[in-house]
Structures are given as structure tokens and as C-alpha cells.
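Chemist: Handing you this structure, nothing more for now.
The numbers here are math on the coordinates, done by the rules we state, and not lab data. Source: prediction; values computed, not measured. Backbone-built Cβ (ideal geometry, glycine too); neighbour counts: all protein chains shown.
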Amino acid sequence: MTDAEVTQKTNIIDRGEALRYFLKPLKSEADKFANGKVMVIAGSGGMTGAAVLCARAAMHSGAGLVYSVLPGACLRSVENALPEAVKCPVGASGSERFCECDAERLEELSGGMDAVAIGPGLGRDPGTQKLVRRLLGSAKFAPDAAAVIADADGLYPFSGDLNALAEAAALRPGKLIITPHEGEAARLLGICREHVRAERPGCALRLADALSGGVAVLKGHETIVAAGEESTVNETGNAGMGTGGSGDVLTGITAALAAGARMDCQPLKNIVKFAVAVHGLAGDVMAKKHSQRFITASDIITGLGELTEYA
């Protein structure tokens, strides 16, 4: 695809449409099961905050039930931080990271989930990387989910091996969402970060092309959402959101909206666009109130509850 063709197919996300979707009332007859079950596989020793942020973002974005799945030794770290979530410690009680031997249990837990997010704060231990590749390479993992979102350390095991990621996507056509920043995209594509920065729309489309109808989100200034041959640019958000944990929040928002999408008959690519735009708007709310320098990832979650200012 030429640069001219890429430019022609790149549109702007409609922030108004995204906001209306996010703020629309839930169905009056819906219960916690109908509002979607989200599973978050995240966290490791020293990085349980990523698991907390992702799960909290999902809860504040309309998910009916959130299951926080984390290594056994990390349970105490999140028990009080996530009172509303179902905590599912996996592995030995003294283990601070997942390993390949946890695959069967995680496959079991993923059954019946409406959306599964994997990656935030998992760490890059070799055993954890093998686990991620095994899960995403298994048709038994999240078989009923409308979407599987792979982010951060959920993408690292596929560095330089986009074919393996493509094989994982082929097992769940139209359901895999990846959310790399420029460095992660560069690793997946086997190119330098500067190349990605110089050709963001084209690189996003290359990633999307490997996903069997799934969606690639290339994060950064003017985040790009790519699906099929279409790329869409987000113009919400601000530089203050360039802070640790911001991506974990986006993953949680995306998972929650994807989990509830079955009731709305919305294409997954639209759901992802809405999540990206709303994430940025929540950051804009907080920047307006306090300044960009004030913003932390937790503040973005707070901003979700104040989006009526833009309605």
C-alpha cells in the first residue's frame, strides 16, 4: 500500500459518537452477568499496580464482573485495592510470576468470559513468556470471548515473530486486539522505533494485516486504530497521559466495552475506537481541572466518571 493510499484511508475518530456510546444508559433489565464478564491476566512481583489499574478501569467502564487473575504470591497486594473484583490467584502461594505450568488453569478460568485482557505487568520471565505464547496459541484459551486484548508483556513474547502472533490471531478470527506503543510495535515488526514513528499509519496497518480481522492500536501522540485496510486517528488526549499505567487503563476500558458489545451489535473495531477516544477524553478532563503535569493513570480512571462535562 502506498503512502497516498494510507493517507486516503486514515480518518479521525468521532469523539462525539464515542462519548455518546460510553455514556448511554445500560439496559434497565441487565444484571452483572449481562453487563459483561472481563478477565484480566496481569501482574507479577513489583508490578501488581498494572493489574489493579487494568481491573479498576474495566470496572469503571461498565463491566458487570471483573476477574483479576494474578500469581499466587500477589494476592495480598491487590486484595484491598480491588474490593469489587473476583480475585483468582494462580500457582503456588509463594510464586510472584506466572509460568508455563499455569496454562491449563488459565484456560479453565477463561471459559465463559466475554473479554480477556492479558499482559499488563506480567514481566518478561522466560517461563511467563512461554505461558503467553502457549495461551494465545491455544484454541482452548478464551473460547467464548468476544475479544482477547494483548498488551505490554502480553506482546513481548512475539518480538520479531509476527508470524506466531498471526497464527494466534487465526485461532480467533476478528477477536484479537493488540495495543502496542511504538517500541513494542517495532519489536513485533522487527524494525527500529524511528521507522515506526516515521510511518505510523503504515505500520499500524501492517500489524492489523496479521490479525485475521482483529484490531491493532498503535499508541502514542494521535493513537491509530487499524483494522483491515482502514486506519483511524484519535485526536483526544494530551501529553500528561504519557505516564506509567496509562496503557493499562486503556486495556481495561477496551476489555469492558468489548465485553458489553454483544448486546449492542457493534463491530469490534468501533468498540476499540470508542475506548481509545474515551481514554483520551478522560485524560483531557483531568488536565483541564488540574494541568497535564498532575495526571497519573489513576486520575484517568477518575476522569471517566467526569465525562458528562463533554456530553
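Chemist: Dimensions of the chain along principal axes (Cα, Å, largest first)?
Modeler: Taking the Cα atoms of the chain, the three principal extents are 52, 42, 39 Å.
Chemist: Hydropathy first: keep DSSP H helices in the chain averaging at least -1.0 on Kyte-Doolittle, then drop any whose Cα extent along the axis falls short of 24 Å, and list what survives. Working shown, then result.
Modeler: Details: long enough: 268-290 (33 Å, 0.48).
Qualifying helices, which must be both long enough and hydrophobic enough, are 268-290.
Chemist: For the stretch 185-262, what's the relative contact order in percent, using C-alpha pairs closer than 8 Å and at least 6 residues apart?
Modeler: Details: 75 pairs, mean separation 14.1, N = 78.
That works out to 18 percent.
Chemist: Between Ser246, Ser93, Ser212, which gets the highest mean-square fluctuation from a Gaussian network model of the chain, Cα cutoff 10 Å?
Modeler: Ser93
Chemist: Please report the orientation-averaged projected area of the stretch 1-157, defined via the convex hull of its C-alpha atoms, in nm².
Modeler: Details: hull surface 45.9 nm².
Convex hull of Cα atoms, orientation-averaged projection: 11.5 nm².
Chemist: Round to the nearest 0.05 the FRET efficiency obtained for Asp31 and Lys140 when R0 = 35 Å and r is the Cβ-Cβ distance.
Modeler: 0.80
Chemist: For the stretch 112-147 and the stretch 74-98, write down the distance between their C-alpha centroids in whole Å.
Modeler: 17 Å
Chemist: Let me ask something additional. Taking Cα atoms of the stretch 186-274, Rg/Rh with Kirkwood Rh, to two decimals?
Modeler: Values: Rg = 13.4 Å, Rh = 13.9 Å.
Taking Rg over the Kirkwood Rh, I get 0.97.
Chemist: Return the lysines within reach of Lys130: Cα separation strictly under 24 angstrom, same-chain partners fewer than 8 residues apart disregarded; answer none if there are no such residues.
Modeler: Lys87, Lys140, Lys175
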